[in-house]
Amino acid sequence: GWCPRSTSEPSPKTRTTSGPGNSTLRAHSLRIQGSNGNEECLKRVCSAPQLGDQEKGSLLKRKLSVSDTEHCIVDNGSSKHKKQGRVVFLLLSSGLDPNDLECSLCMRLFYEPVTTPCGHTFCKNCLERCLDHTPQCPLCKESLKEYLASRKYMVTSILDMLIKQYLRDEYAERVKAHQEETRELSDLTKNVPIFVCTMAYPTVPCPLHVFEPRYRLMIRRCMDTGTRQFGMCINDPQKGFADYGCMLIIRSVHFLPDGRSVVDTIGGKRFRVLSRGMKDGYSTADIKHLEDTKVRNTRIQKLQDLHDAVYDQACVWFQNLKIRFHNQILQHFGPMPEREADIQATANGPAWCWWLLAVLPIDPRYQLSVLSMTSLRERLVKIQHILTYLQSIPNN
Ligand SMILES: [Zn+2]
Ligand SMILES: [Zn+2]
């Protein structure tokens, strides 16, 4: 059809368990998970190396003085800052220990710590991943629907400052880890995220409704790393996804209050899948970009003639479409791209071929075979056959 693609329907999860000791947890304005009873049970086995006593001792010596704390509280009168002041106070009363500044979701030192309205603190990325699944605080299960809708995950600056100043080495290590992860996620040929959903084509817009938590994470990562790209492939029953696909470049993301999003993308490079993998629930692939083989000399004119003939045939087909289909296509894909001066100028050939392939009412497997071709001549011949077939059907 010609409707914007949707990923599978959202599965509404309503978790009703509130967990033991919730009222006790809520009694504090902000809890640093760690030493006291209720939260201890939430602390899973920590994979990070534990600090030796000597290191702990040196950290204690570096803790904030009380006057610094008071200064913070006096200077910042808002409730948010009062909460932050309380964090500092709690930290001071127990001594500054990196384990106290550990995210209960990733078990690492906070990175871009954000504090929820219920007073729990997590790394920004970690919290967002939880909210992909359910709009509740991962610790106390309090509803974070409004918090999610506002999309204002402000970094708890005083905590951030504390970490940067007083846990300098641990912070540097955490930043390094984060940068390495970002670098790995930014590679555009290795472990490229693959959205398994629909056919996509170079230069053709592809609007997507993103429901599934794994794809919410994928889109967010594409934005956070700055690549703003992911691969799009159709499903393959045997392999998981097809051998060929097209990169999609994110033009904009519109978030809905419940965390779903409408992502406006446009097709980029085509690719062939070299190997398949998985990352945090979504598919990945090592890929090789596809480029058309250029023809030279006397064959150029032949190609140009074929191109011109098929272009004219495509125009006729589109003009003769029933007005309803014609308008639907215009609405979703825009007008048919103009004839190009140099048909071999880009690695993907003329844009109108891709536009046409996207709007033609044919089987995706057929579209896939055309996508995989690296010869413009072959592509034009295939399109010619399809058009001739469609035009032979009465009342088309
Ligand atoms: Zn975390
Ligand atoms: Zn909470």
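The values are calculated or read from the model by the stated rules, or taken from the named source; none is laboratory data. Everything quoted here is computed from the prediction, not taken from an experiment. Don't worry about glycine lacking a Cβ; one is built from the backbone with ideal geometry, like all the others, and counts go over all protein chains shown.
Assorted remarks:
- Selection within region 301-320: residues that are touching a residue at least 60 places away in the same chain (Cβ under 8 Å) and surrounded by 14 or more Cβ atoms within 10 Å (Cβ to Cβ). The member of this set that is nearest to Pro394 (Cα to Cα) is Trp317.
Matching residues to (1) under 22 Å from the mean Cα position of the chain (by Cα); (2) more than 13 Å from ligand 2 (Cβ to nearest atom); (3) closer than 30 Å to Ser275 by Cβ:
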{"position": "Pro135", "(1), (2), (3)": "yes, no, no"}
{"position": "Leu139", "(1), (2), (3)": "no, no, no"}
{"position": "Glu142", "(1), (2), (3)": "no, no, no"}
{"position": "Lys152", "(1), (2), (3)": "yes, yes, no"}
{"position": "Gln165", "(1), (2), (3)": "no, yes, no"}
{"position": "Tyr171", "(1), (2), (3)": "no, yes, no"}
{"position": "Val175", "(1), (2), (3)": "yes, yes, no"}
{"position": "Glu181", "(1), (2), (3)": "yes, yes, yes"}
{"position": "Asp187", "(1), (2), (3)": "yes, yes, yes"}
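- Odd one out for Lys124, checked against (1) over 24 Å from Val253 (Cβ atoms); (2) of a type in the set (Lys, Arg); (3) within 16 Å of ligand 2 (Cβ to nearest atom): (1)
- Restricting attention to region 100-122, the residues that are at positive phi, within 10 Å of ligand 1 (Cβ to nearest atom) and either outside the structural domain of Lys164 (by TED's automatic domain parsing) or touching a residue at least 60 places away in the same chain (Cβ under 8 Å) (or both) add up to 1.
- Where helices (runs of 4 or more DSSP H) fall wholly inside region 130-186, the ranges with 2 or more residues that are hydroxyl-bearing (Ser, Thr, Tyr) and more than 16 Å from ligand 1 (Cβ to nearest atom) are 145-150, 157-166.
A quick yes/no check of all residues on (1) outside the structural domain of Met247 (by TED's automatic domain parsing); (2) assigned to a helix (DSSP H, G or I); (3) under 34 Å from the mean Cα position of the chain (by Cα):
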residue: Trp317; (1), (2), (3): yes, yes, no
residue: Gln331; (1), (2), (3): yes, yes, yes
residue: Leu356; (1), (2), (3): yes, yes, yes
residue: Ile362; (1), (2), (3): yes, no, yes
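- Residue match in region 292-302 (condition: under 35 Å from the mean Cα position of the chain (by Cα) and within 15 Å of Lys269 (Cα to Cα)): yes
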